[in-house]
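To keep things clear, I will list the structure first and then write my remarks on it.
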Amino acid sequence: MNKESLRAELLLRLTSLPNDSIQSLSFSLTNQLIKLFHFIPELQGQVGAGYLPLKAEIAPVYQELFRAIPLSLAYPVLVQGQMHFALPQGMPKGSTWLEPPYHMVDPEWLLVPGVGFDKNGARLGRGKAFYDRYLEGKDVLKIGLAWSEQIVDKIPVEAHDSHMDYIITEEFCWDVNQQKRF
């Protein structure tokens with residue numbers, strides 16, 4: 001299956017999830033993410049990056065995450081058509097892109113949304129390549145976030161596609177390099 005067909009199929013799955021399921025799944029995903037931060041405690045002292053979710057896009061419950069783990073979390077900003085990351089001054093505002101005031105940072109790890117992932121770390125995004133362009137040549141830890149329904153056997157990849165180091169769902173944490181759950 002090509003990227004466009006797979007993207008359409010997975011987006012249909014995402015948009016068909018009822019709102020009450022999304023809320024429950026989001027809390028479960030957040031608990032798995034907290035598990036990752038306990039598994040790799042050095043992440044807690046680093047500047048990381050989250051994202052402001054699009055409609056039907058998975059996201060952790062940030063308030064719960066911040067309550068459990070002390071994190072410094074940046075969010076995406078769009079500067080001259082390129083994605084960068086910035087720490088908000090106060091609560092993050094905006095949809096998709098962080099609104100000012102903020103100050104720019106280079107995060108050491110990223111929470112990465114996607115339409116689909118496979119267990120080899122391949123990611124299928126929305127087709128605009130913002131994350132792929134941002135990640136090109138950067139040495140950052142990449143943590144893909146997905147519902148378990150978004151995990152497929154194989155994502156078609158191209159040379160410019162970035163691979164995740166970890167994939168977190170509401171059911172499990174997957175270490176791509178070790179090819180195992182923890």
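Sequence-distant or interchain residues sharing an amide H contact under 5 Å with V47, placed H: which?
Excluding prolines and chain starts, which carry no amide H, the hits are E108.
In whole Å, what are the Cα extents of the chain along the three principal axes, biggest one first?
43, 35, 34
Taking 0.36 nm per residue of separation and subtracting the Cα-Cα distance, what length does fully extending S95 through E4 add?
30.3 nm
Gain in length, H103 to F66, computed as 0.36 nm per residue apart minus the alpha-carbon separation, to one decimal in nm?
Separation in residues times 0.36 nm, less the Cα-Cα distance, equals 11.4 nm.
On the first, second and third principal axes, largest extent first, how far apart are the outermost C-alpha atoms of the stretch 81-158 in Å?
Computed over the stretch 81-158, the largest-to-smallest principal extents equal 41, 27, 22 Å.
If you build a Gaussian network model of the chain, linking Cα atoms that sit under 10 Å apart, which residue out of Q82, Q32, Q150 swings the most?
Q82
Can you list residues from other chains, or at least 5 along the same chain, whose modelled amide H is less than 5 Å from the amide H of A86?
Counting only residues 5 or more places away or on other chains, the set is Y75, V77, V105.
Select from the stretch 1-60 those trypsin sites (Lys or Arg not before Pro) which occupy a DSSP coil region and have at most 13 other Cβ atoms within 10 Å, ordered by residue number.
Sites meeting the loop and neighbour criteria: K55.
Which entries of K128/K180; K55/K154; K93/K119; K55/K142; K35/K119; K55/K119 have Cα-Cα distances beyond 27 Å here?
Table pairs above 27 Å Cα-Cα are K128/K180; K93/K119.
Residue-wise, which Karplus ³J(HN,Hα) couplings in Hz belong to the stretch 44-53, taking 6.51 cos²θ - 1.76 cosθ + 1.60, θ = phi - 60°, and x for glycine or proline?
Whole-Hz 3J(HN,Hα) from phi for the stretch 44-53: 5, x, 9, 7, x, 9, x, 7, 9, x.
Quick one: among L73, L54, L36, which has the greatest mean-square fluctuation in a GNM of the chain with alpha-carbon springs under 10 angstrom?
L54
For n ≥ 4 DSSP H runs only, could you compute -39500 (n - 2.57) per run for the chain, divide by its residues and tell me the 222 nm figure to the nearest 500?
-8000 deg cm²/dmol
Among L78, L25, L14, which one shows the biggest mean-square fluctuation in a GNM of the chain, springs joining Cα atoms closer than 10 Å?
Taking springs between Cα atoms under 10 Å, the residue moving most is L78.
Throughout, read-outs are computed from the coordinates displayed, never taken from laboratory work. Owing to the predicted nature of the structure, the values given are computational and were not obtained by experimental measurement. Note that we place each Cβ from the backbone using ideal geometry, even for glycine, and neighbour counts take in every protein chain shown.
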